[in-house]
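One structure below.
Every read-out reported here was derived from the displayed coordinates using simple, explicitly stated rules and does not represent laboratory data. It should be emphasised that the depicted structure is a prediction, and the values quoted were computed from it without experimental measurement. Neighbour counts run over all protein chains shown; Cβ positions are idealised from the backbone, glycine included.
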Amino acid sequence: MHIVENNGGKSGSRLHRFMDIELELGPAVLVPREETAILGNAAIAILKDRAPGAHVIDMCCGSGNLGLAIASKVPSARVWSADLTDSTVAVARRNADRLGVADRVTIAQGDLFGAFDGLDLAGSIDLVVCNPPYISSARLEGDRSELLESEPREAFDGGPYGLSIHQRLIREAQAFLKPGGWLAFEFGEGQDRQVAALLARARAYAPVSFATDISNAPRVAIARKLDPA
Ligand SMILES: C[S@@+](CC[C@H](N)C(=O)[O-])C[C@H]1O[C@@H](n2cnc3c(N)ncnc32)[C@H](O)[C@@H]1O
C-alpha cells in the first residue's frame, strides 16, 4: 500500500481522482489507493454481464470511491454504501451529491451489514464489493505504524491476523446476495491462501478467482454465491 496525496478535506483544496471521478477526502478518511481500481474494474466487468438495474453494496465505503465509481460508470446501477465512522459517511454523502448520483446511492452508517437494518435488502443484491481493513493489529503497532500518522486506524486494522473483517464479510454477505450474485473484495499481499480457505469453509460460494496487481500478486477475490436449487 502506498500513500498518495491527501488534501486534508479543507474547503477549496484539491480533489482526489479515482477511476475518473473526483472525490473530496478528509483527515479521518482513507485516501483511495491506486490498486483499489483493480476491485472497481472487476466490479464493473461483472455488472456489464448482468441485466441493467443491478443492486450493489459497497461495504466499508470510506470516501465512497468504489460505490460512486460504479454508480458513475454503470448508470442503471442502484448502490447502497456503508461505513462504521461518522466522518467517512459524511464525506461519502457529500461526494455522492457533488457527483450527481445521490438519487441512486444510499449511504448508511453502522457495523458492516448492520448499517442496512430496516432497509429490506436481504436476498436482493447482485454484487457486494468491499475494501476492508486488512493489516494485522500487531503490524500496525510495528512496521506499518507510519500509516496511522495521517489516516484513521479503522481504515487499516484488520484484527489479530488482518482478516477479521473479511471473515465477517464472507459470512454476512450471504444473506444479502441473490443466488448467483457476486462477492468481490480486496485483501493484502500474501493473504490469498487464507482468503480462499475462508471462502471454501463458508460452503456458500463457487470456487474463488483472483484479480492480480501489476506485479502479478493476487489482490482481489471474486466469488459467486451458489444457487441452492
Ligand atoms: C481500507 S478502508 C477502505 C475505504 C474505501 N472503500 C477505499 O477503498 O478507499 C476500510 C474502511 O472500512 C471501514 N470500517 C472498518 N471497520 C468497519 C466495520 N466494522 N463496519 C463498517 N465499516 C468499517 C473504515 O472506517 C474504512 O473507511
| task | Could you run the Debye sum over the Cα atoms of the chain, one equal point scatterer each and no solvent, and tell me log10 of I(q)/I(0) at q = 0.08, 0.12, 0.17, 0.18 Å⁻¹, two decimals? | result | -0.26, -0.60, -1.28, -1.46
| query | What dipole magnitude, in Debye to the nearest 20, does the chain give about its Cα centre under +1 on Lys/Arg Cβ and -1 on Asp/Glu Cβ? | reply | 640 debye
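Rank by packing, highest mean first: peptides 40-52, 136-148, with packing defined as the count of other Cβ atoms within 10 Å averaged across residues.
Values: 40-52: 16.7, 136-148: 13.8.
Averaged packing, sorted descending, gives the order 40-52, 136-148.
Would you work out the relative contact order for region 171-229, in percent, from Cα pairs under 8 angstrom that are 6 or more residues apart? Present the calculation step by step, with values, prior to reporting the outcome.
Details: 86 pairs, mean separation 26.4, N = 59.
Computed value for region 171-229: 45 percent relative contact order.
Suppose a student asked you for the relative contact order of the chain, using Cα pairs under 8 Å spaced at least 6 residues apart; what percent would you report? Don't skip to the end; give the middle numbers.
Working: 465 pairs, mean separation 39.0, N = 229.
Computed value for the chain: 17 percent relative contact order.
Once every DSSP H run of n ≥ 4 in the chain is given -39500 (n - 2.57) and the sum is divided by its residues, what mean residue ellipticity at 222 nm do you get, rounded to the nearest 500 deg cm²/dmol?
Details: 6 runs with 61 residues, N = 229.
Rounded to the nearest 500, the figure is -8000 deg cm²/dmol.
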| Projected onto the charge dipole of the chain (+1 at Lys/Arg Cβ, -1 at Asp/Glu Cβ, origin at the Cα centre), which of Pro132, Ala45, Ser81 gives the Cα projection farthest towards the positive end? | Ala45
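Tally Lys/Arg at +1 and Asp/Glu at -1 over every other residue whose Cβ is under 9 Å from the Cβ of Phe113; what's the total?
On the way: positive: Arg168; negative: Asp111, Asp117, Glu172.
It works out to a net charge of -2.
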| query | Tell me, what is the percent relative contact order of region 77-121, built from C-alpha pairs under 8 Å that lie six or more residues apart? | reply | 50 percent
| remark: FRET efficiency (Lys48, Lys178; Cβ distance; R0 22 Å; to 0.05) is 0.80
| field | Distance (nanometres) between label positions extended 7 Å along Cα→Cβ at Leu15 and Glu149 | value | 2.9 nm
| query | About the Cα centre of region 91-173, what is the dipole size in debye to 20, counting +1 per Lys and Arg Cβ and -1 per Asp and Glu Cβ, all else neutral? | reply | 140 debye
